[in-house]
1. How much of the accessible area of the protein assembly as shown, in percent, comes from carbon and sulfur atoms when a 1.4 Å probe is used?
2. Using a Cα-Cα cut-off of under 16 Å, which lysines could be cross-linked to A:LYS44, ignoring same-chain neighbours fewer than 8 residues away?
3. Using modelled amide H (1.01 Å from N, peptide plane; none on Pro or chain starts), what sits under 5 Å from the amide H of A:LYS47, excluding residues fewer than 5 places away?
4. Please give me the summed charge of the neighbours of A:ALA293: other residues whose Cβ is under 13 Å from its Cβ, Lys and Arg +1, Asp and Glu -1.
5. To one decimal place, what orientation-averaged projected area in nm² is obtained for the convex hull of the Cα set of segment B:248-305?
6. Would you tally the net charge around A:ALA161, using a Cβ to Cβ cut-off of less than 11 Å, leaving A:ALA161 out, and scoring K and R as +1, D and E as -1?
7. How far apart, in nanometres, would the label points at B:ASN20 and B:ILE241 be if each is projected 7 angstrom from Cα along the Cα-to-Cβ direction?
8. Just to check I understand the Karplus step: with θ = phi - 60° and J = 6.51 cos²θ - 1.76 cosθ + 1.60, what whole-Hz values come out for segment B:190-197, glycine and proline as x?
There are 2 protein chains.
Amino acid sequence: MSVSDAKPALATSSVFERGNLEVKGIKVEKSAERKALFIVSPTKDGKYPVFLFVHGCCVSNTAYSQLLQHVASHGFIAVAPGDPLVSSLLCCCGDQELDSDANVLDWMPDGLPALLPDNVTPDMTKIAVGGHSRGGKIAFALAISTTNLKISAVFGVDPVAGGSVDNRPQPKIFSYIPRCLDLNIPVAIIGTGLGSQAKCIIPPFAPCGVNHAEFFNESKPPIYYFLAKDYGHGDMLDDGIEYWFTKLLTKHGQGSKELMIKACGGIIVAFLNAKLKDEEEDLRIIGEEPSVAPIKLDPVLYVEN
Amino acid sequence: MSVSDAKPALATSSVFERGNLEVKGIKVEKSAERKALFIVSPTKDGKYPVFLFVHGCCVSNTAYSQLLQHVASHGFIAVAPGDPLVSSLLCCCGDQELDSDANVLDWMPDGLPALLPDNVTPDMTKIAVGGHSRGGKIAFALAISTTNLKISAVFGVDPVAGGSVDNRPQPKIFSYIPRCLDLNIPVAIIGTGLGSQAKCIIPPFAPCGVNHAEFFNESKPPIYYFLAKDYGHGDMLDDGIEYWFTKLLTKHGQGSKELMIKACGGIIVAFLNAKLKDEEEDLRIIGEEPSVAPIKLDPVLYVEN
């Protein structure tokens, strides 16, 4: 190839593929101190940052196992609290979920190590919180509220704050003023383009005014925003009854769901690498060349100061 | 005073006081080419930038005379289109107002000079559009749509895009995606803190989800955002029936309305000075020290890139 034909090397990022670490899923029963958990941890000896992941309304914590495995395989311990579906439904409109997830956070330093594989240690100085749908809002609320733990980053996967601007369950975190959230840690938001669209007469699960866009608007920099334009609100779930339920009731993407899970997983890994491990490279690459992701991300917005 | 007592000089900005230029208000009847106008122009010989100002729903264009005089006295020609109140009410839910205001813009290069004081000339290379309430949205729509004139800046005074997220009249400019407005010119937004609050059972005139915050969210940088936290949706109007109407139906500030008009006028002058005259100083000062304004502005957000 002559010099004139030379093209710059295409950017790539390994975060969109499974990481090198083997991982193990661990289901933990409810105890007197905390609700039930689904933990996904690397099995290799080591000390790893932790992220608490809050499931969406009417979705179990195990319905995100592919996503959580993807992230954990890059060297993170995922802790996904989750009561049985009935309890989850009952607490849809109250503070209970926030309180019970805050309990899990407070319990983790003493309680989590014993539940992990041998010689795997959680690094309690490096903690992020995140969640999907209503769980995304709960994650923001956890980050805002005072806990004994220092939370270093928060992310939402198609986060939703309610049924509409005027119908928002507690805790109502929005004020509809730009950058007003009382949150001084880095924020990442993945939105879906189809989540705000009604399916026939069924209202959307991530309506305009209470979805990803408002989370972006009310967060302070640094904010990292990614819109999965052609995907729907449930397209990052495992196959299973909950996915088929969302597929029935909401618009879903025509593209591969596996690629959506890889995209969400990769973005979360890039964000957590940057903010918990000081490894900025992949987050920078995605910002500069969103086409490195396996799905279309449009727009990608980094607001760093 | 010893050196150790020395304090840095307090920042000041003259934009919040009337400018040095005498101004004249000119009411112009409707013609075959365009709707009626209220023009406020400096009387001193000169060439001045122009701003088109679109009134709010159910408010006449002359109800902003104090605000428009304030801005014009700093060397701008204000052109405020306005049909009689009945026509204005009839076109609340359609494209008519956008079209008729676009007509005014297209008519200005040939038609405006003859209506101005002797030896006053409009500088048609320096045009901004702005408006209050629904007129703020129309201003954004004008800036987005193609006209024969180059529009260099757009501003909204408590702009409103509809009654709710799900009840927005044409043109529906929002997509509920951050920074998606097809608008590549500087934007300034003044919001009111009380405009989104209901008064007893009367719904707010500037509801959450369709007000200043969403205009901020969907605009691309450079954006200049100012929240008049303690004032209401109609607190920049002249005294008169329209002001008393808004005072009856909406929450209004307890502070001086004169100061609110000075604050809005001063912000508009600082913004137009920066974007139409390359005089950046006052806009910079307000951003660095919002307390130079005669009312509390909180937050003040400048997003320049």
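1. Numbers: 12970 of 24880 Å².
Of all accessible area on the protein assembly as shown, carbon and sulfur atoms account for 52 percent.
2. A:LYS24
3. A:THR121
4. Values: positive: A:LYS229, A:LYS262, A:LYS296; negative: A:GLU17, A:ASP230, A:ASP282, A:GLU288, A:GLU289, A:ASP298.
Within the 13 Å Cβ shell, the charges total -3.
5. Working: hull surface 20.6 nm².
Averaging across all directions leaves 5.1 nm² for the Cα convex hull.
6. Values: positive: A:ARG134, A:LYS137, A:ARG168, A:LYS172; negative: A:GLU214, A:GLU218.
Taking every Cβ under 11 Å from that of A:ALA161, the sum is +2.
7. 4.1 nm
8. Computed from phi, the couplings for segment B:190-197 are 10, x, 10, x, 9, x, 8, 9 Hz.
The values are calculated or read from the model by the stated rules, or taken from the named source; none is laboratory data. As the structure is a computational prediction, the values presented were derived from the model and not from experiment. Here Cβ is always computed from backbone atoms with ideal geometry, including for glycine, and neighbour counts include all displayed protein chains. Remember, those area values only see protein heavy atoms, side chains included, never the ligands or the DNA or RNA. Shrake-Rupley method; radii C 1.70, N 1.55, O 1.52, S 1.80 Å.
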